[in-house]
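Have a look at the structure below before the remarks.
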Amino acid sequence: MQSIFYERATDVRQAIDLAQQPGAKFIGGGTNLLDLYKSGIEKPIHLVDINRLPLADITELPDGGLRIGAMATNTAVATHPLVRERYRMLSEAILNGATTQLRNMATTGGNLLQRTRCYYFTDPTFARCNKRNPGSGCDAIDGFNRIHAILGASDQCIATHPSDMAVALAALDAIVHLQGPNGERQVPVQEFHRLPEDHPEIDTVIQPGELITAVELPAPVFAQHSHYLKVRDRASYAFALVSVAAALDLDGDTVRDVRIVLGGVAHKPWRAQEAENILRGQPLSDDARARAGAAAVAGAKDYGHNGFKIELAQRAVIRALQTAGGLA
């Protein structure tokens, strides 16, 4: 039996110091870490409990933005009046993300750090998984890959990122605040998660011992016209086959600015910048939305069982833009 040590941090500095021990992991809600620990995927030696850290506040910023503490639960964020009023898409994404019981436990920081639900990763009986065992291969590429990536994958890994919240945060240009042994830094959510490339075992740019302390939302630009669309196998508690966070800044029927971010299709929230470029300065017409949908899946790859996602993602973009623009 592997010994495991549990320590409860009382402030951020102590938590970071405790996390410098070999095999240390922060634990908040534990909704993902404990599952992976039970199955032997994660093997922490030291658990650093951060639930008592003063990082659960949701605070309005002077410019109208919002600072969400890393320990704020998904329920607290989704139901907060300012989130519902100014960042409706974020509330929609979180409420589409899991059961009420999980949302009550899951934290903002933990949601960003959750790991893929690829069954070749989560089941240790499959030996070939570069994310779990670097250099071993990827059983998903030639296996049953219905839920896997169509964009941004590599010959090392075709897993997808599971978070709904992260997709909405990327569309809102959110900033992740980190604190570690070398001080504090800020990383845009769009740059926080990595594509697999040659190192699929590295999910994010977070450094060992660094702690997410908050997520900052800029002043709302897309408050009136945004939508999170999630397409899944069943109506509740299922990960996205495809999701779309669509946000529009409209001048009449003309698009001044736009964000389109897809989930369920890549190793990270996938921003469809070419699709955005098609829409800027143009009326939100049927033709413009169709061209944006096509551009969003440019370069998509069918791995055998997941080819349906290409058309599904295209249609989802069109539908999300339609709803966000008030045309549905």
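For the stretch 127-180, what are the residues that are buried (at least 18 other Cβ atoms within 10 Å of the Cβ) and among the acidic types (Asp, Glu)? 139, 164 - these are the residues of the stretch 127-180 that are buried (at least 18 other Cβ atoms within 10 Å of the Cβ) and among the acidic types (Asp, Glu). Does the stretch 228-249 include one or more residues that are surrounded by fewer than 24 Cβ atoms within 10 Å (Cβ to Cβ), β-branched (Val, Ile, Thr) and in contact with a His (Cβ under 9 Å, 6 or more places away or on another chain)? There is no residue in the stretch 228-249 that is surrounded by fewer than 24 Cβ atoms within 10 Å (Cβ to Cβ), β-branched (Val, Ile, Thr) and in contact with a His (Cβ under 9 Å, 6 or more places away or on another chain). Contact map, the stretch 53-79: first residue without any contact (Cβ under 8 Å) to a residue 12 or more places away in the chain, second residue surrounded by fewer than 22 Cβ atoms within 10 Å (Cβ to Cβ), Cβ cut-off under 6 Å, separation 6 or more or different chains; pairs are 59/67. Listed by first and then second residue, the pairs linking a residue in the stretch 112-126 that is closer than 27 Å to residue 178 by Cβ to a residue that is of a type in the set (Phe, Trp, Tyr), with Cβ atoms under 7 Å apart and 6 or more places separating them unless they lie on different chains, are 112/192; 117/239. Taking each residue of the stretch 87-109 that is in contact (Cβ under 8 Å) with a residue 24 or more places away in the chain and under 14 Å from residue 232 (Cβ atoms) and looking for partners that are open to solvent by 30 Å² or more (accessible area, probe 1.4 Å) and of a type in the set (Phe, Trp, Tyr) with beta-carbon atoms closer than 8 Å, six or more apart or interchain, yields 98/237; 99/237. Contact map, the stretch 240-251: residues that are within 15 Å of residue 328 (Cα to Cα) and among the aliphatic types (A, V, I, L, M) paired with residues that are in a strand (DSSP E or B) and open to solvent by 10 Å² or more (accessible area, probe 1.4 Å), Cβ distance under 7 Å, separation 6+ or inter-chain. Pairs shown: 246/227; 247/259. Each residue in the stretch 90-100 was checked for being closer than 17 Å to residue 29 by Cβ and at pLDDT 95 or above, and 2 pass. None of 52, 67, 84 is assigned to a strand (DSSP E or B), basic (Lys, Arg) and out of contact with any His (no Cβ under 7 Å at 6 or more places or on another chain) except 67. Among what's in the stretch 26-49 and is among the β-branched types (Val, Ile, Thr) and under 21 Å from the mean Cα position of the chain (by Cα), pick the residue that is most open to solvent (accessible area, probe 1.4 Å). Among residues in the stretch 26-49 that are among the β-branched types (Val, Ile, Thr) and under 21 Å from the mean Cα position of the chain (by Cα), the one most open to solvent (accessible area, probe 1.4 Å) is 31. When you scan the stretch 220-237, do you find a residue that is in contact with a strand residue (DSSP E or B) (Cβ under 6 Å, 6 or more places away or on another chain), closer than 30 Å to residue 136 by Cβ and among the β-branched types (Val, Ile, Thr), even just one? Scanning the stretch 220-237 turns up no residue that is in contact with a strand residue (DSSP E or B) (Cβ under 6 Å, 6 or more places away or on another chain), closer than 30 Å to residue 136 by Cβ and among the β-branched types (Val, Ile, Thr). Number of residues in the stretch 1-25 that are small (Gly, Ala, Ser) and either open to solvent by 20 Å² or more (accessible area, probe 1.4 Å) or in contact with a Gly (Cβ under 6 Å, 6 or more places away or on another chain) (or both): the value is 4.
Of the numbered criteria (1) part of a helix (DSSP H, G or I); (2) on the phi > 0 side of the Ramachandran plot; (3) among the small types (Gly, Ala, Ser), the one residue 93 fails is (2). Here residue 197 clears all of (1) assigned to a loop (DSSP other than H, G, I, E, B); (2) in contact with a strand residue (DSSP E or B) (Cβ under 6 Å, 6 or more places away or on another chain); (3) buried (at least 16 other Cβ atoms within 10 Å of the Cβ) except the condition numbered (3). Can you confirm whether residue 115 is of a type outside the set (Gly, Ala, Ser) and within 11 Å of the chain's Cα centre (by Cα)? Taking the combined requirement at face value, the residue satisfies it.
Beta carbons closer than 9 Å, at least 6 apart along the sequence or on distinct chains, never pair a first residue in the stretch 268-297 that is at positive phi with a second that is in a loop (DSSP other than H, G, I, E, B) and at pLDDT 95 or above.
Among all positions in the stretch 134-150, there is no residue which is β-branched (Val, Ile, Thr) and either free of Cβ contacts under 8 Å to residues at least 12 places away in the same chain or not in a loop (DSSP other than H, G, I, E, B) (or both).
Looking across 134, 162, one residue alone is of a type outside the set (Val, Ile, Thr) and over 16 Å from the mean Cα position of the chain (by Cα). It is 134. Only residues that are within 22 Å of residue 292 (Cβ to Cβ) and outside any loop (DSSP other than H, G, I, E, B) were counted across the stretch 215-263, and they come to 26. From the list 292, 298, the lone residue that is open to solvent by less than 30 Å² (accessible area, probe 1.4 Å), out of contact with any Ser or Thr (no Cβ under 6 Å at 6 or more places or on another chain) and either of a type outside the set (Asp, Glu) or not in a helix (DSSP H, G or I) (or both) is 292.
The values are calculated or read from the model by the stated rules, or taken from the named source; none is laboratory data. Just so you know, these numbers come straight off a predicted model, no measurement behind them. Neighbour counts run over all protein chains shown; Cβ positions are idealised from the backbone, glycine included. The area values use the complete protein model at the heavy-atom level, side chains included, leaving out ligands, DNA and RNA. Shrake-Rupley method; radii C 1.70, N 1.55, O 1.52, S 1.80 Å.
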